[in-house]
Every structure is written in structure tokens, then in C-alpha cells.
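Here is the structure we will look at, set down as C-alpha cells.
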Amino acid sequence: MELSRFFHDNPNCAIAFSGGVDSAYLLYAAVRWGKKIRAYYVCSAFQPRFEQEDARRMAEKLGADLVFLQADILGCDAVAANTVQRCYECKKVLFSMIAQRAAADGFSLLLDGTNASDDASDRPGMRALRELGVRSPLRECGLVKSEIRRLSKEAGLFTWDKPAYACLATRIPTDTLITPENLSRTERAEEFLFSLGFSDFRVRLLGDAARIQVAASQLPLLMEKRALILETLKKEYSAVLLDLEIRHG
């Protein structure tokens, strides 16, 4: 199925919008081919401030209607406990909130930006989407990440080359209680590295130490800024470690 056909058949939709590559292209397509479209962004302790700003900027560029919702995600014990099912529990809370608000606004169909590259067997959160009846047009239409980036570039979307950025909770080891303090210092640490020019990296918590993962291409920058990074991060972490393996999420 072509994406244009999906929106011809489903012209009135609510979209769970993150401001990332996939949901940005989905919103672009919905505005282009749909009729009545509204995007919903959930603000929580798991989303850094720049993601909210990117979402706002993209919605303005597309002329899309965007609603911000507030979620006390750590108020859900099943999420804060950070088990292997955290993503499932989190998605269930957030998408239930969006679905409830969207229904009150007159939308019976809720969409998300899952694409055809995403492995359902490795993403517990996708189970929550299925249970809630959320549809994923990019996945249904067979669009993979590389194609979405290409199409986004052709459409003039500033997100076309945006690095993958999973929520801040992914920086906390499984079965370690997620606290506002650990999320805040993670956000501060990553904002600092962004300010130094890093673009594809993670600052993960290991005990009370910061475990930095960067792309191989950015190792020279890491060595150049080593002293400054150590000085800054050791104000909030007991040690600063380099992990030579990098994985998204």
C-alpha cells in the first residue's frame, strides 16, 4: 500500500508525535494527504527538552495542529521499577493517555511512527501498541528507515538526518530504579556533550559512573575534549568510562 492511499482511506487521524525522523515524516504525509489531523506530544521526565522543541518546530513548519500532554511517568510503579518490560508499561501509559485525549477530541484512529525496519520481537513497546489498536502506516506500507530519511530529505524536513535518540530511561540499567535525579543528570551530561559537537552517542549509568558510548568517527573529538569532559562529568559521577561498543536505544 502507498502512504497516500492509507490517508485517502483514513483521512481523519490522531498521531503520537515524538519529533523524531519517523513520526515527523508520518505527520508530513498525514498533513499532505489526510484531511483532519492532530498530533499529540507527551511531555515526561523521559524526554529531553530539545525533543519537545523539535516537535514544536516541525509542527509549525508543517502547519500541523499539535497538542502537548503532561505525564507523570514515574508515578507508574511498573515503569519506575525499570524491568525488562519497562518499555511495554511505559508505552501502555503514554498511548492510553493519547488515545483517551484523541477520542475526546473526536479521533477514533491513533497512529504512530513505527517503521518496517523495527523488529517487533525486540520491542516490548510494540505489544502495547497492538493491544491498544494503534496503527503504524510506515510499517504497513513497508517503509524502512533509510527510505524514510531519503523521503524526508526530498520533502525538506530538517529531521532527515537527525540521529536516533531513544528516551532517557534507556540510559539506566534494567532493574535499577529510575529516579528523577538520574534522569536529570543524564540529560545534563548529554546536553553538555551535544554542546561540544557530539551527535551520535549515549551517556549511560553504570553504578554511579558515567559510561560514554560514541561513534568511532567521534573518538578523536572525545580525546581532544577529554580533560574538559572529565572535569565536567565528575562533578556528578564517581567516574567517567569509555565504552567502545555503541548501540542505539
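Only the coordinates and a few stated rules stand behind these numbers; no lab work does. Since this is a predicted model, take the numbers as computed values, not measurements. Glycine gets a Cβ as well: all are built from the backbone with ideal geometry, and neighbour counts include every protein chain shown.
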Taking the mean number of other Cβ atoms within 10 Å as a proxy for protection, how do you rank 38-51, 170-183 from highest to lowest? 38-51, 170-183
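Pull up the DSSP beta bridges for the chain and report the antiparallel fraction as a percent, rounded to 5.
Working: 6 of 24 bridges.
Close to 25 percent.
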Relative contact order, percent, segment 179-243 [alpha-carbon distance under 8 Å, six or more residues apart]: 33 percent
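Say the cut-off is 28 Å between C-alpha atoms; which of LYS91/LYS234; LYS91/LYS235; LYS61/LYS162; LYS92/LYS153; LYS91/LYS225; LYS92/LYS235 go over it? Spell out each step's value before the answer.
Working: LYS91/LYS234 33 Å; LYS91/LYS235 33 Å; LYS61/LYS162 16 Å; LYS92/LYS153 32 Å; LYS91/LYS225 37 Å; LYS92/LYS235 36 Å.
In this structure, LYS91/LYS234; LYS91/LYS235; LYS92/LYS153; LYS91/LYS225; LYS92/LYS235 exceed 28 Å between Cα atoms.
Report, in debye and to the nearest 20, how large the dipole of segment 79-227 comes out about its Cα centre when Lys and Arg carry +1 and Asp and Glu carry -1 on their Cβ.
Values: 22 positive and 19 negative charges, 15 e Å.
Its charge dipole is roughly 80 debye.
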Given Cβ point charges of +1 (Lys, Arg) and -1 (Asp, Glu) and nothing else, what value in debye, to the nearest 20, does the dipole of the chain about its Cα centre take? 340 debye
What does the helix-only formula give at 222 nm for the chain: each DSSP H stretch with n ≥ 4 adding -39500 (n - 2.57), the total divided by the residues, and the result rounded to the nearest 500 deg cm²/dmol? -13000 deg cm²/dmol
GNM on the chain, Cα springs under 10 Å; top mean-square fluctuation among SER152, SER117, SER136 goes to SER117
Under a Gaussian network model of the chain whose springs join Cα atoms within less than 10 Å, the largest fluctuation of GLU187, GLU89, GLU131 belongs to GLU131
Spin-label pair ARG32/SER4, simplified geometry with 7 Å Cα→Cβ offset, distance in nm: 0.9 nm
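Given charges of +1 on the Cβ of Lys and Arg and -1 on the Cβ of Asp and Glu, with all other atoms neutral, how large is the dipole of segment 53-142 about its Cα centre, in debye to the nearest 20? Walk me through the intermediate numbers first.
Values: 12 positive and 14 negative charges, 25 e Å.
The dipole magnitude comes to about 120 debye.
Contact order normalised by length for segment 3-161, with contacts defined as Cα pairs under 8 Å and 6 or more residues apart; what percent is it?
Numbers: 261 pairs, mean separation 42.3, N = 159.
Reported relative contact order: 27 percent.
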Using a basic spin-label model with each label point 7 Å from the Cα along Cα→Cβ, how many nm lie between LYS234 and ARG188? 1.7 nm
With label points built 7 Å along Cα→Cβ from the Cα atoms of GLU140 and THR83, find their separation and express it in nm. 3.2 nm
Projected onto the charge dipole of the chain (+1 at Lys/Arg Cβ, -1 at Asp/Glu Cβ, origin at the Cα centre), which of GLN100, GLY142, SER117 gives the Cα projection farthest towards the positive end? GLY142
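Over segment 179-243, what is the percentage of antiparallel beta bridges among all DSSP beta bridges, to the nearest 5? Mind showing how you got there, number by number?
Numbers: 6 of 10 bridges.
Around 60 percent antiparallel, to the nearest 5.
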